[in-house]
1. Select the strands (runs of 3 or more DSSP E) contained entirely in the range 23-130, then report the ones holding at least 2 residues which are away from ligand 1 (no atom under 16 Å from the Cβ), within 21 Å of Cys8 (Cβ to Cβ) and not β-branched (Val, Ile, Thr).
2. Name the pairs: first residue in the range 10-23 and among the aliphatic types (A, V, I, L, M), second residue within 16 Å of ligand 1 (Cβ to nearest atom) and not in a loop (DSSP other than H, G, I, E, B), Cβ to Cβ under 7 Å, at least 6 apart or on different chains?
3. Somewhere in the range 67-77, is a residue over 30 Å from Asp114 (Cβ atoms) and away from ligand 2 (no atom under 15 Å from the Cβ)?
4. Take the residues of the range 9-20 that are open to solvent by less than 40 Å² (accessible area, probe 1.4 Å) and either of a type in the set (Ser, Thr, Tyr) or under 21 Å from Gly100 (Cβ atoms) (or both): which is nearest to ligand 1 (Cβ to nearest atom)?
5. Which numbered condition in (1) within 19 Å of Val25 (Cβ to Cβ); (2) touching a residue at least 60 places away in the same chain (Cβ under 8 Å); (3) not hydrophobic (A, V, I, L, M, F, W, C) is the only one that Gly75 fails?
6. For the range 29-59: of the residues being within 16 Å of ligand 2 (Cβ to nearest atom) and β-branched (Val, Ile, Thr), which is most open to solvent (accessible area, probe 1.4 Å)?
7. Given the criterion under 25 Å from Thr2 (Cβ atoms) and over 15 Å from the mean Cα position of the chain (by Cα), identify the matching residue among Glu84, Glu56, Glu44.
8. Checking Gly11 against (1) on the phi > 0 side of the Ramachandran plot; (2) assigned to a strand (DSSP E or B): exactly one of these is not met. Which one?
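The values are calculated or read from the model by the stated rules, or taken from the named source; none is laboratory data. Bear in mind that the values here come from a model prediction, so they are computed numbers and not experimental data. Ideal geometry is used to build each Cβ from the backbone, glycine not excepted, and the neighbour counts take in all protein chains shown. Note: areas computed on protein heavy atoms with side chains; ligands, DNA, RNA excluded. Shrake-Rupley method; radii C 1.70, N 1.55, O 1.52, S 1.80 Å.
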Amino acid sequence: MTSPTGGCLCGAVRFRIDGGLRDVVFCHCTRCRRFHGHVGAYTECARSDLTLTSDEALRWFTLDGSSRGFCSACGSSLFWSREELETISVAAGALDEPTGLQPLRHVFVADAGDYYEIADGLERFPSWGT
Ligand SMILES: [Zn+2]
Ligand SMILES: [Zn+2]
């Protein structure tokens, strides 16, 4: 199996993941919705499995210990991480297809926006999922 790859809209940020990916968690928190323009859809991998093959345009915005990575050239939102975690969240929409991923669960549904409904049968958590 080849390693998943991905990148931003303009291609200035590109990455490769040499390891397993978690299925996709949808985060409805206010911060994710502002950062992504809507719900955050994240896969996750071990930090050590992520290789940035092109990252000169990658910038990080940190708030309360959570860092969000984005492309400074095209604005694509790409990563979420906290220093103490050994994993890093990767925006599922940034991956090259086919991703082979499935939807997993919704988190922070207590903060969901008032302009949509969660209409699938996936498990939901008011804040962090387990
Ligand atoms: Zn870009
Ligand atoms: Zn969130």
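1. 24-27, 40-46, 66-71, 77-82
2. Sorted first by the residue in the range 10-23, then by its partner, the pairs are Ala12/Ser54; Ala12/Cys71; Val13/Gly7; Val13/Ser54; Val13/Leu58; Val13/Cys71; Val13/Leu78.
3. Yes, some residue in the range 67-77 is over 30 Å from Asp114 (Cβ atoms) and away from ligand 2 (no atom under 15 Å from the Cβ).
4. Phe15
5. Of everything listed in (1) within 19 Å of Val25 (Cβ to Cβ); (2) touching a residue at least 60 places away in the same chain (Cβ under 8 Å); (3) not hydrophobic (A, V, I, L, M, F, W, C), Gly75 misses just condition (1).
6. Thr30
7. Glu56
8. All conditions pass for Gly11, except number (2).
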